[in-house]
1. Restricting attention to the stretch 281-297, does a residue exist that is polar (S, T, N, Q), more than 18 Å from the chain's Cα centre (by Cα), under 30 Å from Gln449 (Cα atoms) and not in a loop (DSSP other than H, G, I, E, B)?
2. Conditions: (1) acidic (Asp, Glu); (2) assigned to a strand (DSSP E or B); (3) over 27 Å from Leu284 (Cβ atoms). Glu447 meets all but one. Number of the miss?
3. Of the residues Val268, Val311, Val321, Val251, only one is within 29 Å of Ala23 (Cβ to Cβ) and either in the same structural domain as Phe207 (by TED's automatic domain parsing) or modelled with pLDDT under 95 (or both); which?
4. Is one or more of the residues making up the stretch 299-312 farther than 23 Å from Asn351 by Cα and either crowded, with 20+ Cβ neighbours inside 10 Å or of a type outside the set (A, V, I, L, M, F, W, C) (or both)?
5. Name the pairs: first residue in the stretch 224-248 and over 17 Å from Trp286 (Cα atoms) and at pLDDT below 95, second residue of a type in the set (Phe, Trp, Tyr) and buried (at least 24 other Cβ atoms within 10 Å of the Cβ), Cβ to Cβ under 8 Å, at least 6 apart or on different chains?
6. Looking at the stretch 151-256, what strands (runs of 3 or more DSSP E) fall wholly within it and have at least 2 residues that are touching a His at 6+ places or on another chain (Cβ under 8 Å) and closer than 30 Å to Asp136 by Cα?
7. Does Tyr240 meet the test of being among the aromatic types (Phe, Trp, Tyr), assigned by TED's automatic domain parsing to the domain that holds Ala264 and in contact with a strand residue (DSSP E or B) (Cβ under 6 Å, 6 or more places away or on another chain)?
8. Evaluate the following for Ala273: is it in contact with a strand residue (DSSP E or B) (Cβ under 7 Å, 6 or more places away or on another chain), farther than 30 Å from Asn372 by Cα and hydrophobic (A, V, I, L, M, F, W, C)?
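The values are calculated or read from the model by the stated rules, or taken from the named source; none is laboratory data. Note that the coordinates shown come from a computational prediction; the quantities given were computed from them, not determined experimentally. Glycine gets a Cβ as well: all are built from the backbone with ideal geometry, and neighbour counts include every protein chain shown.
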Amino acid sequence: MKTVSYLFFALSLVACQPKAGQAQIRLDSTLLTVDTVISGIDIPWEISWGPDNHIWMTERYGRISRVNPTTGQQQVLATLTDVTAQSESGLLGLVLHPNFVDTPWVFVAYTYSLGNAIYERIIRLNYQNNLLVRADTLMEAIPGNSTHNGARLLITPDRKLLVTTGDAQNTSSPQNLSSANGKVLRFNLDGSIPDDNPNPQSPVWSFGHRNAQGLLLHPNGLIYSSEHGPSSDDELNIIYRNRNYGWPNVVGPCDAQNELFFCATNNVAEPIAWWTPTTAVSDLIWYDHPSIPEFRNRILLTTLKDKELYVMQLNAAGDSVLSQRIFLTNRFGRLRDICTDASGAIYLATNGQNWFNDSPFTHSIIRLRNTNWNPNTSVAPNDRGMGIKLYGNPLSPDSKLVLPEKAWGSSYRLRDLSGRTVLEGQAETAEMYPHNWPIAAGTYLLEFQKGTQQQSFKLIR
């Protein structure tokens, strides 16, 4: 048990009078418009921005849907009838194949029952004819529980699937490499074990986890995870291959006398941030859109118990938290998940006021956005004099980017609507032809940077 908390600065928000059914929240200099995309849903556990400009969502009782963010219309794609939803178990994590247009695969994790026992299963579904069809089981019979199931999913650029699993209330499992519990598991997308796993016969990538419910691939290539502590020490970790994260022998950093020897002899990776008392950290994203400067180049982390959004600045190496600010305290209830779109709008999945869900089908997806930032302009408000011009958008064979000499040598990065980097490089010529880039149809955010100069474009393929 730790007695030292990770101390941060909390920011009070100024709520303005709502206009035309929309509330407003003022940050330092940015006025955010708040509206409800959809309501009347039940424990939305995962929300993910899709290449179809819709929100893909799981509800814990077993429903997978697409939500139109403009109309709020919900299209049910599948209802998994074998889901066991007790307490915190049920249909949990979801991730889309990175090249979804050509490979329309959806991976989900959920709990089910055999007799009186609860287990966890990871499956792949195929999206066809506006429905999801069960296609393959990657792993099943992972011991589960009504709580501590983990179940956040992430696909890395090398096309590997990461899955968090909780200890399922069995504290002997996380340090047992023969158990799938209390781990981050790593699979090929066909369910086979990658040859470069620590043990090529095992999906275990890292171990010693209690109940990690957030995964983030940062542009720097590091993978961050948010993890629930017991009554102290919720954690923010960087996930490394074959590292031990300590649970149950270590809680938070290696700072207690009985933990020091274990950490030294067991290759324990310490968290880069921790919170005491616990806040029930949930999922997290990297936000680098120019429309909300207060959030730009920060980790955004949702919390359940404290009902807050944490905004964290990292150091240049990405291995330390320099500062944290706290937003939205008690404004929308429990914040389960978060995603963003190419315009910089932020979407939050709310889960009511308490963990036992005494008011089902009263939850919602909330949108926060800076409506004063125009996503259709080629230059964002904080672009600083690079002078790059885009001709022809949506893209066609005649489209081109014209770069003045001062922009030569700048780095560029192209992100899809989920925030995933699909292309990056150095701009070495006076003209670039984005129509020739190997990207699928969709909407993208193109960002150039050279020193302190930046410029952003919205591209439509």
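1. no
2. For Glu447, the exception is condition (3).
3. After applying the criteria, what remains is Val311.
4. No, because not a single residue in the stretch 299-312 is farther than 23 Å from Asn351 by Cα and either crowded, with 20+ Cβ neighbours inside 10 Å or of a type outside the set (A, V, I, L, M, F, W, C) (or both).
5. Sorted first by the residue in the stretch 224-248, then by its partner, the list stays empty.
6. Strands (runs of 3 or more DSSP E) meeting the threshold: 183-188, 212-217, 223-227.
7. Spelling it out, it is not the case that Tyr240 is among the aromatic types (Phe, Trp, Tyr), assigned by TED's automatic domain parsing to the domain that holds Ala264 and in contact with a strand residue (DSSP E or B) (Cβ under 6 Å, 6 or more places away or on another chain).
8. Considered against the rule, which asks whether it is in contact with a strand residue (DSSP E or B) (Cβ under 7 Å, 6 or more places away or on another chain), farther than 30 Å from Asn372 by Cα and hydrophobic (A, V, I, L, M, F, W, C), Ala273 comes out as yes.
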